[in-house]
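Some notes on the structure that comes next.
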């Protein structure tokens, strides 16, 4: 008998702490809030390092900021690869489940067709018997 499975919940229950962290970071970094927040952060950084009267720790061309951006890009790439790998495993599990469901459905349809054929055969026998009665 077919048993429905909620793949998202079943997969979520098996996640490691690192996989949950990667998903959380991917969701945050892949949002407009992150993009706008980061633009604001970079604007404040640039302003604080160009405005007169404030001690500048990263003067133009902002080499320290460029280093941080490069490190962030490297980490984001790794996090996205981890998340993509997990998405692939979820897709594979769902494809396997779909295949098993299709095989079970085919078996049930074949069983129903056999039952239907038996009923047709019985009806044909009954019709022959009715026609041949004196």
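For this structure, a couple of remarks:
- Checking the stated criteria, residue 42 turns out to be surrounded by 11 or more Cβ atoms within 10 Å (Cβ to Cβ) and in contact with a helix residue (DSSP H, G or I) (Cβ under 8 Å, 6 or more places away or on another chain).
- Test: residue in the range 50-68 that is on the phi < 0 side of the Ramachandran plot, at pLDDT 90 or above, in a helix (DSSP H, G or I) and surrounded by 13 or more Cβ atoms within 10 Å (Cβ to Cβ): yes
- Count of the range 1-19 residues which are surrounded by fewer than 12 Cβ atoms within 10 Å (Cβ to Cβ), modelled with pLDDT of 80 or more and part of a helix (DSSP H, G or I): 2
- Residue selection: residue 87 fails the criterion of being surrounded by 10 or more Cβ atoms within 10 Å (Cβ to Cβ), touching a helix residue (DSSP H, G or I) at 6+ places or on another chain (Cβ under 7 Å) and either touching a residue at least 60 places away in the same chain (Cβ under 8 Å) or part of a helix (DSSP H, G or I) (or both).
- Filter result for residue 98 (outside any helix (DSSP H, G or I) and either exposed (fewer than 12 other Cβ atoms within 10 Å of the Cβ) or in contact with a helix residue (DSSP H, G or I) (Cβ under 7 Å, 6 or more places away or on another chain) (or both)): no
The values are calculated or read from the model by the stated rules, or taken from the named source; none is laboratory data. Predicted, not measured: the structure shown is a model, and the values here were computed from it. Heads up, the Cβs are rebuilt from the backbone with ideal geometry, glycines too, and the neighbour counts pull from every protein chain shown.
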